[in-house]
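Following: one structure in structure tokens, then a few remarks.
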Amino acid sequence: MQAKVLALGKELFNGEAVKVVVPAVNGEMCLLQNHISTITALRQGCIRVFRPMAERPISIAIERGVCSFSDNSAIFIVETVA
Amino acid sequence: MATLKELKNKINVINSTRKLTSAMKLVAGVKLRKAEQKANASRGYALELNKILSRLQRGLLKINSEIFNGRKNIKNELLIVFSSDRGLCGNFNYLIHNEVARLVNDFHENGKNVHIICVGNKAFSPLKKIIGKFDYIELEEGFYQSPEIVESSLILARKAIEYFKSNLIDRISAVYTRSYSALKREVELNELLPIKFEPDNDKSITIFEPSVDEIIDELVPYNLGIQIYQTALESITSEQSSRMTSMDNATRNADSILSELKIKYNRTRQYKITQELTEVISGANAIAEG
């Protein structure tokens, strides 16, 4: 699936991902290929993007944000920690 | 005829003014590029945010539905007017003032009241004089002084949403100057609320977490803040571009005045030398003849 993490004025991640773990307001949520369409508010925490063939995930600290997933494409609009 | 000393003084004054306008042109150029870069960098972000809002506008409660579909009877308009904090930027503020005066007149003719929020204090005093008895005007102080304009924009957006929810206003628009090129700038009216959204063709089931209305309550002020931020950047771009043009004109004018003054100075100096020579020669002749 495709994942894109956008903060105001900069693109923090854009590329292929096998799994993304996000800090949703009701608890952590894991997005995998063919996840049902969702729009979820995000709280303060870390977005972890697991890339194919990569050992470690990319961690992005956020203040808050929103995540939109549909058609195997995840977009995260976030406010980063200042 | 001006004396040599007077001309020299004038040349010095024009020279220092020329240095000042030339420096201001350079500073405006740097600020213009910065604002353009920021505006370009935030465009994709604003676009994706709007796409998410478009997906959210299904199955909303009444107050949130008004945010997308607008109110039937619009009686109170809110205008966010973007002018500048500083002068010396040509007709930038004058154009804004004229357009707002025309809009206020139109609203009055249609029986509407206007609430104006001035961003940048140059438009505040002249606009205070044109508002009607039932209108209201306020100055958003220190908007451009904030280290991050996005913070000021979010504060302004939250205030505007509060006005909307408490029925003080029915529609929010921004009046700002858009710069098309170095020479072409136009004042535009951009409707910010109700939110313009793309029709959502996605019919698949979507889970909203925690709920549509909670997400909307959070996202709508944020989206409005980002729109205000982009409009402010657009206005800053136009202001700096206008300042660059007027400072460039001022520098050229100073150059042409300087060249005229230098010719005048040289002529006066030459005249004085010729006069002194004539006096010396005639003196010498008088002695020789005597």
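Laid out as a table, the results:
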item	result
Exercise: per-residue mean of other protein chain Cβ atoms within 10 Å, B:116-126	0
Cβ neighbours within 10 Å from other chains - mean over A:57-70	2
Prolate/oblate/rounded label for the range B:103-197 (Cα gyration tensor, a/c 1.5)	rounded
Under the Karplus curve 6.51 cos²θ - 1.76 cosθ + 1.60, θ = phi - 60°, whole-Hz ³J(HN,Hα) for the range B:142-153, x wherever Gly or Pro sits	x, 4, 7, 7, 4, x, 10, 5, 4, 5, 4, 5
Gain in span if fully extended, B:ARG43 to B:ARG252, counting 0.36 nm per residue against the direct Cα distance	71.6 nm
Angle between chain B longest axis and helix B:212-289 axis [Cα atoms, degrees, rounded to 10]	10
Overall form of the range B:29-243 per C-alpha gyration tensor (a/c, 1.5; a/b vs b/c)	oblate
Long-range HN-HN contacts of A:ARG51 with modeled amide H, under 5 Å	A:VAL18, A:ILE58
Highest-MSF residue in chain B out of B:ASN93, B:ASN253, B:ASN76 [GNM, Cα springs under 10 Å]	B:ASN253
By average C-beta atoms within 10 angstrom, highest first, the peptides B:4-15, B:95-106, B:229-240	B:229-240, B:95-106, B:4-15
Dipole of the range B:128-167, positive direction: furthest Cα of B:LEU154, B:PHE143, B:ILE131, with charges on the beta-carbon	B:ILE131
Entries in B:LYS112/B:LYS184; A:LYS4/B:LYS51; B:LYS72/B:LYS165; B:LYS51/B:LYS159; B:LYS75/B:LYS129 that, when Cα-Cα distance is taken, lie over 20 Å	B:LYS112/B:LYS184; B:LYS51/B:LYS159; B:LYS75/B:LYS129
Nearest-0.05 FRET efficiency for A:CYS46 and B:ASN110, computed from C-beta distance (R0 56 Å)	0.60
Potential extension, B:ASP85-B:GLU186 segment - 0.36 nm per residue separation minus Cα distance	34.5 nm
Peptides ranked, highest mean first, by Cβ atoms within 10 Å: ranges B:79-89, B:162-172	B:79-89, B:162-172
Residues with amide H under 5 Å from that of B:ILE137, placed H, sequence gap 5 or more	B:ILE116
Residue with peak Gaussian network fluctuation, chain B [Cα springs, cutoff 10 Å], from B:PHE92, B:PHE134, B:PHE68	B:PHE134
Cβ-derived FRET efficiency at R0 51 Å, B:SER65 paired with A:ALA54, nearest 0.05	0.70
B:ASN9-B:GLU279 FRET efficiency (beta carbon distance; Förster radius 30 Å; 0.05 resolution)	0.70
Overall form of chain A per C-alpha gyration tensor (a/c, 1.5; a/b vs b/c)	rounded
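Read the figures in this text as sums done on the coordinates, not as results from a lab. All values reported here derive from a predicted model rather than from experimental measurement. FYI the Cβ positions are ideal-geometry reconstructions off the backbone, even for glycines, and counts take in every protein chain you see.
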